[in-house]
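Participant: Below is a structure I'd like to ask you about.
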Amino acid sequence: MTDIEIARSTKLEEIETVASKYGIPTKELEHYGHYMAKIPTRLIDEERVKKSNLILVTAITPTKAGIGKTTVTIGLALGLHRIGKKAICALREPSLGPVFGLKGGACGGGHTQVLPMDKINLHFTGDFHAITSAHNTITALLDNYMYQNRDNGFALREVLWNRVLDVNDRGLRDIVTGMGGKANGIVRESGFDITPASEIMAILCLAKDEDDLRRRIENILLGYTVDGKPFTVKDLGVAGAITVLLRDALAPNLVQTTENTAAIVHGGPFANIAHGCNSILATKMAMTFGDYVITEAGFGADLGAEKFYDIKCRKSGLQPKLTIIVATAQGLKMHGGVAVEDIKKPNSDGLRKGLANLDKHIKNLQSFGQTVLVTFNRYAGDVPEEIQIVKDYCAEIGVGFGENDAYALGGEGAVDLANLVVDTIEKNPSKPLQFVYNDEDTIEEKIEKVAKNIYGAASISFAAPAKKKLQMIKELGYENFPICIAKTQFSFSTDAKKYCVASGFDVNVRDIVINAGAEMIVVVAGNIMRMPGLPKVPAAMNIDIVNGEIEGLS
């Protein structure tokens, strides 16, 4: 059965029934149909949060098909439920760009999905649309302000604020606006990022409450005036209006899994171009009502996990009890030098060589003070001998090992993993987080510490635009912000083709984006794009309505 066929065959429970299992007050739910609802942020209980067990799921450096973090995250929640634990998974929302571009969906797979997957994968509760609208409303108001005040001597020497769209469209990366005559505005260069890279997305995911949301929106840096002064949304005078657009989107979304357990899905920044974590509010909401909360951070541990610790945990005070790193036979073989077209075939030697990638990620995670478990995410073609190689290696280095077969078997396929997780948290929970860098380090020092200590870089270089932004950051007093490095997800380096563990490489910082509202500095490294393009054969080619049913989502 396909993912969508499995999803359709699952009998969904009314969302009040799901909520009541976890003690979520059903009268507080704001319904979006029968099976989705928003939970008001006022229900977060910080004392309960402190008592809950937070588990992070991350991965080795992925293949283009991924490694299966979402499958493991949902599967572990189901496995924990099977052994009598109150568990909730907290995930990011899918972006329409990849849904119709490369991946086809982002709700898990097989018998480990969040449902209703068609609605979650598409428009869901409108959060992404709200973020897109809020971002572009700021742009429209800024352009109008410049246009209406052009005769009063107002002008921006430099505009830092782009537009966003939740579509993969390489043709919009660089554009010119205001063409066609004076009535159409001021002619200027602009461009589009994808919505998951929007600063508004980061703000939504990092805001503590509605007041903090508004404060952060006010602080968004839009550009510089001709006399060199920063110009913000507060100067534009529209923070209230933008907060209104985002008010409903701030509340986390409650849905259910293929086994009718609770899942909270909220926020959706990519980890290769943004900070890759669901919202702090969603994680804390899950921790308020769940004894075990499993969340994920996007792509490999060098990106998602590092940002989870150094940005999300640093700013929220969250402390994971355990970090799980997901590996697959196919991923390990790719990093062991096996040609991508051959990674589904048995190749023990290639798999052994690829263990170096796993080892590097494990050591990185342990450097944060984390207790680490390795989970082998099973595929139908995996052979026992290769799984045993990974198991033996983990025993050799003293790291716990568990298999995940939840894709095929649902929660039953993750029961052994669930028992291992509970036992590890009870006997050997993670130590307090140790961050890669300190708040008081300069931005250059922060970049160097991540690039050298986490990626293994030999050097860091800065292009002229990046050097200019570094000076701006110092002048504006933003050096205490954490950094968010945007780079390829397919390598420790900035070269997507350097698999396994790259060495001796330079990290070239091409540009820097100041997210003053989100209170982080986005470091654009290598040739990474903040607006992806579509592949030669987009997933949209396989999506259709057949006999009244949506097909092709996965």
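The values are calculated or read from the model by the stated rules, or taken from the named source; none is laboratory data. All of these numbers come straight from a predicted model, not from anything done at the bench. Here the Cβ positions follow ideal geometry from the backbone for every residue, glycine too, while neighbour counts run over all protein chains shown. For the accessible areas, the whole protein counts, side chains as well, though only heavy atoms, and no ligand, DNA or RNA atoms are used. Shrake-Rupley method; radii C 1.70, N 1.55, O 1.52, S 1.80 Å.
Participant: Looking at (1) open to solvent by 50 Å² or more (accessible area, probe 1.4 Å); (2) modelled with pLDDT of 95 or more; (3) closer than 25 Å to residue 346 by Cα, which one does residue 380 not meet, given that it meets all the others?
Facilitator: With (1) open to solvent by 50 Å² or more (accessible area, probe 1.4 Å); (2) modelled with pLDDT of 95 or more; (3) closer than 25 Å to residue 346 by Cα applied to residue 380, the lone miss is (2).
Participant: Right, residue 437: crowded, with 19+ Cβ neighbours inside 10 Å, at pLDDT 95 or above, among the aromatic types (Phe, Trp, Tyr) and part of a helix (DSSP H, G or I) or not?
Facilitator: On the way: crowded, with 19+ Cβ neighbours inside 10 Å: yes; at pLDDT 95 or above: yes; among the aromatic types (Phe, Trp, Tyr): yes; part of a helix (DSSP H, G or I): no.
Considered against the rule, which asks whether it is crowded, with 19+ Cβ neighbours inside 10 Å, at pLDDT 95 or above, among the aromatic types (Phe, Trp, Tyr) and part of a helix (DSSP H, G or I), residue 437 comes out as no.
Participant: Only one of 454, 460, 447, 443 is of a type outside the set (Phe, Trp, Tyr) and without any contact (Cβ under 8 Å) to a residue 60 or more places away in the chain; which?
Facilitator: Among 454, 460, 447, 443, only 460 is of a type outside the set (Phe, Trp, Tyr) and without any contact (Cβ under 8 Å) to a residue 60 or more places away in the chain.
Participant: Suppose we keep only residues that are free of Cβ contacts under 8 Å to residues at least 40 places away in the same chain and part of a loop (DSSP other than H, G, I, E, B) within region 174-189. Which one would you say is least open to solvent (accessible area, probe 1.4 Å)?
Facilitator: Looking at residues that are free of Cβ contacts under 8 Å to residues at least 40 places away in the same chain and part of a loop (DSSP other than H, G, I, E, B), I get 178.
Participant: I've got another one for you. Cβ-Cβ distance below 7 Å, separation of 6 or more or different chains: which pairs start in region 326-343 with a residue that is of a type in the set (Ser, Thr, Tyr) and end on one that is buried (at least 21 other Cβ atoms within 10 Å of the Cβ)?
Facilitator: From region 326-343, the pairs are 328/67; 328/68; 328/377.
Participant: Right, next: Could you check, for region 85-102, whether at least one of its residues is assigned to a helix (DSSP H, G or I) and of a type in the set (A, V, I, L, M)?
Facilitator: Scanning region 85-102 turns up at least one residue that is assigned to a helix (DSSP H, G or I) and of a type in the set (A, V, I, L, M).
Participant: Can you run down the residue pairs with Cβ atoms below 9 Å, 6 or more apart or on separate chains, where the first is in region 404-429 and at positive phi and open to solvent by 20 Å² or more (accessible area, probe 1.4 Å) and the partner is part of a helix (DSSP H, G or I) and of a type outside the set (Ser, Thr, Tyr)?
Facilitator: Qualifying pairs under 9 Å: none.
Participant: In this structure, does residue 21 turn out to be closer than 30 Å to residue 209 by Cα and either open to solvent by 50 Å² or more (accessible area, probe 1.4 Å) or of a type in the set (Phe, Trp, Tyr) (or both)?
Facilitator: So residue 21 passes the test.
Participant: Is one or more of the residues making up region 126-137 closer than 30 Å to residue 226 by Cα, assigned to a helix (DSSP H, G or I), open to solvent by 20 Å² or more (accessible area, probe 1.4 Å) and out of contact with any helix residue (DSSP H, G or I) (no Cβ under 6 Å at 6 or more places or on another chain)?
Facilitator: For region 126-137, residues closer than 30 Å to residue 226 by Cα, assigned to a helix (DSSP H, G or I), open to solvent by 20 Å² or more (accessible area, probe 1.4 Å) and out of contact with any helix residue (DSSP H, G or I) (no Cβ under 6 Å at 6 or more places or on another chain): present.
Participant: Okay, next question. Hey, any hits in region 313-335 for a residue that's aliphatic (A, V, I, L, M), buried (at least 17 other Cβ atoms within 10 Å of the Cβ), assigned to a helix (DSSP H, G or I) and out of contact with any helix residue (DSSP H, G or I) (no Cβ under 8 Å at 6 or more places or on another chain)?
Facilitator: no
Participant: Of 17, 2, 41, which residue is among the polar types (S, T, N, Q) and modelled with pLDDT under 95? Write out each step before concluding.
Facilitator: Values: 17 fails: modelled with pLDDT under 95; 41 fails: modelled with pLDDT under 95.
Every option except 2 fails the conditions.
Participant: Collect the residues in region 143-162 that are under 30 Å from the mean Cα position of the chain (by Cα) and either among the hydroxyl-bearing types (Ser, Thr, Tyr) or open to solvent by less than 40 Å² (accessible area, probe 1.4 Å) (or both), keeping them in residue-number order.
Facilitator: Listed by number, the list holds a single entry, 161.
Participant: Moving on. Counting only residues that are under 14 Å from residue 39 (Cβ atoms), of a type outside the set (Phe, Trp, Tyr) and touching a residue at least 60 places away in the same chain (Cβ under 8 Å), give me the helices (runs of 4 or more DSSP H) lying completely in region 229-303 with at least 3 of them.
Facilitator: Fully inside region 229-303 and qualifying: 280-289.
Participant: Please determine whether any residue of region 5-23 is in contact with a Pro (Cβ under 7 Å, 6 or more places away or on another chain), in a loop (DSSP other than H, G, I, E, B) and touching a residue at least 12 places away in the same chain (Cβ under 8 Å).
Facilitator: Taking every residue of region 5-23 in turn, at least one turns out to be in contact with a Pro (Cβ under 7 Å, 6 or more places away or on another chain), in a loop (DSSP other than H, G, I, E, B) and touching a residue at least 12 places away in the same chain (Cβ under 8 Å).
Participant: Please find, among 85, 119, the residue that is surrounded by fewer than 18 Cβ atoms within 10 Å (Cβ to Cβ), more than 30 Å from residue 235 (Cα to Cα), of a type in the set (Lys, Arg) and out of contact with any strand residue (DSSP E or B) (no Cβ under 6 Å at 6 or more places or on another chain).
Facilitator: 119
Participant: For a quick check of your reading: which strands (runs of 3 or more DSSP E) sit entirely within region 504-554 and have at least 2 residues that are of a type in the set (Val, Ile, Thr) and in contact with a Lys or Arg (Cβ under 7 Å, 6 or more places away or on another chain)?
Facilitator: Numbers: elements: 506-515, 520-525, 544-546, 549-551.
Result: 506-515.
Participant: Can I ask one more? Of (1) of a type in the set (Lys, Arg); (2) within 20 Å of residue 279 (Cα to Cα); (3) in contact with a Lys or Arg (Cβ under 9 Å, 6 or more places away or on another chain), residue 86 satisfies all except one. Which?
Facilitator: (2)
Participant: Of everything in region 468-509, what is farther than 18 Å from residue 529 by Cα, without any contact (Cβ under 8 Å) to a residue 60 or more places away in the chain and touching a Gly at 6+ places or on another chain (Cβ under 7 Å)? Give them in sequence order.
Facilitator: Within region 468-509, 502, 503 qualify.
Participant: Further question on the same structure: Among the candidates 57, 99, single out the residue that is open to solvent by less than 10 Å² (accessible area, probe 1.4 Å), β-branched (Val, Ile, Thr) and at pLDDT below 95.
Facilitator: Being open to solvent by less than 10 Å² (accessible area, probe 1.4 Å), β-branched (Val, Ile, Thr) and at pLDDT below 95 holds for just one of 57, 99, which is 99.
Participant: Right, something else. Can you name every residue in region 476-530 that is surrounded by fewer than 19 Cβ atoms within 10 Å (Cβ to Cβ), among the polar types (S, T, N, Q) and closer than 22 Å to residue 312 by Cα?
Facilitator: If the condition is that a residue be surrounded by fewer than 19 Cβ atoms within 10 Å (Cβ to Cβ), among the polar types (S, T, N, Q) and closer than 22 Å to residue 312 by Cα, then 480 is the only one that fits.
Participant: Could you check region 219-242 and list, in sequence order, the residues that are open to solvent by 10 Å² or more (accessible area, probe 1.4 Å) and within 24 Å of the chain's Cα centre (by Cα)?
Facilitator: Hit for region 219-242 is 219, nothing else.
Participant: Quick one: residue 1 ticks every box in (1) touching a residue at least 60 places away in the same chain (Cβ under 8 Å); (2) in a loop (DSSP other than H, G, I, E, B) bar one, so which box is it?
Facilitator: Failed condition: (1).
Participant: Tell me the residue from 454, 443, 447 that is aliphatic (A, V, I, L, M), farther than 26 Å from residue 357 by Cβ and surrounded by 20 or more Cβ atoms within 10 Å (Cβ to Cβ), please.
Facilitator: After ruling out the rest, the residue left standing is 443.
Participant: Name the single residue that is nearest to residue 508 (Cα to Cα) among those in region 454-468 being in contact with a Phe, Trp or Tyr (Cβ under 9 Å, 6 or more places away or on another chain) and of a type outside the set (Phe, Trp, Tyr).
Facilitator: Of everything passing the filter in region 454-468, 459 is nearest to residue 508 (Cα to Cα).
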